[in-house]
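Okay, so here's the structure we're looking at.
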Amino acid sequence: MLYPAIANELLERANHDLAVRQQLLDAGELSGGYNSDMEAVHLSNARWLQTIISQIGWPAQEQVGEAASQAAWLIVQHAISLPDFMKQALALMNAQKQTRTIDPVNLAFLSDRIAMYTDRPQSYGTQFVSDEQGRLVPYQLDGSLDQVNQRRRQLGLNTVAERMAQLTVEQNKTPTAADRRAERESYDAWRKRVGWITA
């Protein structure tokens, strides 16, 4: 069964998310922690999607079309203040992938993001962090780089090194050790507050 109204709403919400992100990025307001305006958009979208999922299950391509199904994944990928919802969505997508069209790349990105927030190694090398020198590096990998790149190739993704090169941007200032420590402490405090970690 097709749900055109849900499809339209998914697309509108995902586009709004990206537009707000770009506005905040242009204003220089996305560094230094999770921006409260961005979090409000993510929470609103996620809570709406939770209601939709309770009605129709995961919004797969057969129900809302490919673009809207991708929009649903984006909403879940950005619902970082709702750990249980992200984990439930991943489980639902995995459970439905035998009977509905679920993009395996979306599963890889979501499982890696959940792994990163819960201090576990990621399988597909989709999540990147800054190292002690402020350079962009892949978050901890599950297995060797060759094994991760093989998993990525099976999904049609480029190598970790190629992706890292795409993501690397010029930085106006290299963060100091104190900056990195403060950022890590803020990040860990946020993860505790929303429930990714308990200790």
Taking Gly156 as the residue in question, decide whether it is touching a residue at least 40 places away in the same chain (Cβ under 8 Å) and open to solvent by 50 Å² or more (accessible area, probe 1.4 Å).
yes
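Does Asn106 satisfy the criteria of being touching a residue at least 24 places away in the same chain (Cβ under 8 Å) and in a helix (DSSP H, G or I)? Can you show your working first?
On the way: touching a residue at least 24 places away in the same chain (Cβ under 8 Å): yes; in a helix (DSSP H, G or I): yes.
Yes: the conditions hold for Asn106.
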The range 43-57: number of residues that are under 15 Å from the mean Cα position of the chain (by Cα) and open to solvent by 20 Å² or more (accessible area, probe 1.4 Å):
1
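Please find, within the range 1-12, the residue that is most open to solvent (accessible area, probe 1.4 Å) out of those that are of a type outside the set (Gly, Ala, Ser) and at pLDDT 95 or above. Spell out the reasoning first.
Residues of the range 1-12 of a type outside the set (Gly, Ala, Ser): 1-4, 6, 8-12.
When the remaining residues are screened for being at pLDDT 95 or above, the result is 3-4, 6, 8-12.
Details: Tyr3: 60, Pro4: 87, Ile6: 22, Asn8: 89, Glu9: 58, Leu10: 0, Leu11: 63, Glu12: 119 Å².
Across the range 1-12, the extreme among qualifying residues is Glu12.
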Might you let me know whether the range 46-66 holds any residue that is under 17 Å from Ile102 (Cα atoms) and among the polar types (S, T, N, Q)?
yes
May I ask you to list the residues in the range 58-98 that are of a type outside the set (Gly, Ala, Ser), assigned to a loop (DSSP other than H, G, I, E, B) and surrounded by 15 or more Cβ atoms within 10 Å (Cβ to Cβ)?
Trp58, Pro59, His78, Ile80, Leu82, Lys97
Output for the range 117-160, where each listed residue is over 18 Å from the mean Cα position of the chain (by Cα) and at pLDDT below 95
Asp131, Glu132, Gln133, Gly134, Arg135
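Of all residues in the range 71-99, which are of a type in the set (Val, Ile, Thr), at pLDDT 95 or above and more than 13 Å from Tyr117 (Cα to Cα)?
Taking the range 71-99 and keeping what is of a type in the set (Val, Ile, Thr), we get 75-76, 80, 99.
Applying the additional criterion that residues be at pLDDT 95 or above yields 75-76, 80.
Residues satisfying the conditions are Ile75, Val76.
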In the range 13-38, which residues are outside any loop (DSSP other than H, G, I, E, B) and surrounded by fewer than 17 Cβ atoms within 10 Å (Cβ to Cβ)?
Asn15, His16, Leu18, Ala19, Val20, Gln22, Gln23, Leu24, Leu25, Asp26, Ser36, Asp37
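The values are calculated or read from the model by the stated rules, or taken from the named source; none is laboratory data. What you see is a predicted model; the values in this text were computed from it and never measured. Glycine also receives a Cβ, built like all others from the backbone with ideal geometry; neighbour counts cover every protein chain displayed. Just so you know, the surface numbers come from the protein's heavy atoms only, side chains and all, with ligands and any DNA or RNA stripped out. Shrake-Rupley method; radii C 1.70, N 1.55, O 1.52, S 1.80 Å.
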